[in-house]
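Participant: The structure that follows is given in the form of structure tokens.
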Amino acid sequence: MLYRFKSRATSDLVMLEASGRRVLEILGKDPAGPGVITAAQLAAAVVALQDAVRADEAERERLAREAQARDEAVPEPAEQVTLRMRTAPFIDMLQHAMNEDVDVVWGV
């Protein structure tokens, strides 16, 4: 399954199911059906995603330190697809939609 996010401010953004579901769960939206992030909700959505990215990076750093302490191999950053990478296009879409005061929808 794919998630196709639409906004009058940008072209469509397509995400694979796992990434789209995670983004929607971070935003407190139901990933099961169609939905909307209203223009009034956009700023809070951007902040929520940025907070989730920071938390994800802190957790990755903690796990890397623990692995190093146990003399285990730590994956190279280039080998990992991070939440920051997955959400950057979506955050960009939200910011454009915010600038134009329009909604972002999916599943419609």
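Participant: What distance in nm lies between label points placed 7 Å from Cα along the C-beta direction at LEU16 and GLU57?
Facilitator: That separation, rounded to one decimal, is 2.3 nm.
Participant: Among VAL23, VAL74, VAL47, whose mean-square fluctuation peaks in a Gaussian network model of the chain (Cα, cutoff 10 Å)?
Facilitator: The residue with the greatest mean-square fluctuation here is VAL74.
Participant: Using the Cα centre as the reference, give the magnitude of the dipole from point charges on the C-beta atoms of the chain (Lys, Arg: +1; Asp, Glu: -1; all else neutral), rounded to the nearest 20 debye.
Facilitator: Working: 13 positive and 18 negative charges, 48 e Å.
That gives the chain a dipole magnitude of about 220 debye.
Participant: Just one of (1) 50, 27, 22; (2) 43, 43, 21; (3) 91, 36, 18 is Cα extents along the principal axes in Å calculated from these coordinates, so which is it?
Facilitator: Answer by label: (1).
Participant: Further, regarding this structure: Kindly provide the helix-only [θ] at 222 nm of the chain, computed as the sum of -39,500 (n - 2.57) over DSSP H runs of four or more divided by all residues, to the nearest 500 deg cm²/dmol? Write down the numbers at each step before the final one.
Facilitator: Details: 3 runs with 56 residues, N = 108.
Helix-only estimate at 222 nm: -17500 deg cm²/dmol.
Participant: Tell me which of ILE91, TYR3, VAL81 sits at the most positive position along the dipole axis of the chain, charges placed on C-beta atoms (Lys, Arg +1; Asp, Glu -1).
Facilitator: Checked the options; the winner is TYR3.
Any read-out appearing in this document is the output of simple, stated calculations on the displayed coordinates, not a laboratory observation. Computed from a predicted structure; not experimentally measured. Here Cβ is always computed from backbone atoms with ideal geometry, including for glycine, and neighbour counts include all displayed protein chains.
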